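One structure below.
Just so it is clear, none of the values below were taken in a lab; they were calculated from the coordinates. Since the structure is predicted, the reported quantities are computational estimates derived from the model, not experimental observations. Neighbour counts run over all protein chains shown; Cβ positions are idealised from the backbone, glycine included.
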Amino acid sequence: QKHANDFPVLALIARDILAIPGTSISVERLFSSSKHTLSDARSSMTAESASKTITTKEWLKKGFGYEVHYLDNVRILLDTK
């Protein structure tokens, strides 16, 4: 802050970088929640499938996709024997 007037761009960069905490609670939560997704029962998942699954789970938690009707054109056929 002392030299912010002399180096305004550097001061902005420093402010942005130094404002980032060393560890983020959201990252720790993500790792915690991923242990449920990447269990022994799902050990055959590829890294790509696991990444997509965890990302989708987090998006749904945040409300992305709200009011999107994914199953509008899906019909379940019942066996009537």
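Available extension along the chain between His3 and Ala19 is 4.0 nm, counting 0.36 nm per residue and deducting the alpha carbon span. Between 0 and 90 degrees, the angle of helix 25-37 with respect to the longest Cα principal axis of the chain falls at about 20 degrees.
Restricting to lysine pairs 8 or more places apart or on different chains, what number in the chain have Cα atoms under 26 Å apart?
Details: Lys35/Lys52; Lys35/Lys57; Lys35/Lys61; Lys35/Lys62; Lys52/Lys61; Lys52/Lys62.
Counting lysine pairs in the chain gives 6.
Given +1 at the Cβ of Lys and Arg, -1 at the Cβ of Asp and Glu and no other charges, the dipole of segment 1-41 around its Cα centre is 80 debye to the nearest 20.
Over the chain, DSSP H runs of length four or greater, each weighted -39,500 (n - 2.57), average out per residue to a 222 nm ellipticity of -15500 deg cm²/dmol. One compactness figure for segment 1-41 is 2.04, namely its Cα radius of gyration divided by 2.2 N^0.38 Å.
State the label only: which of (i) 21, 14, 11; (ii) 23, 14, 10; (iii) 45, 19, 10 corresponds to semi-axes √(5λ) of the Cα gyration tensor in Å computed from the shown model? Only one option fits the structure, namely (iii). With R₀ fixed at 25 Å, the C-beta to C-beta distance from Leu71 to Ala41 puts the FRET efficiency at about 0.50.
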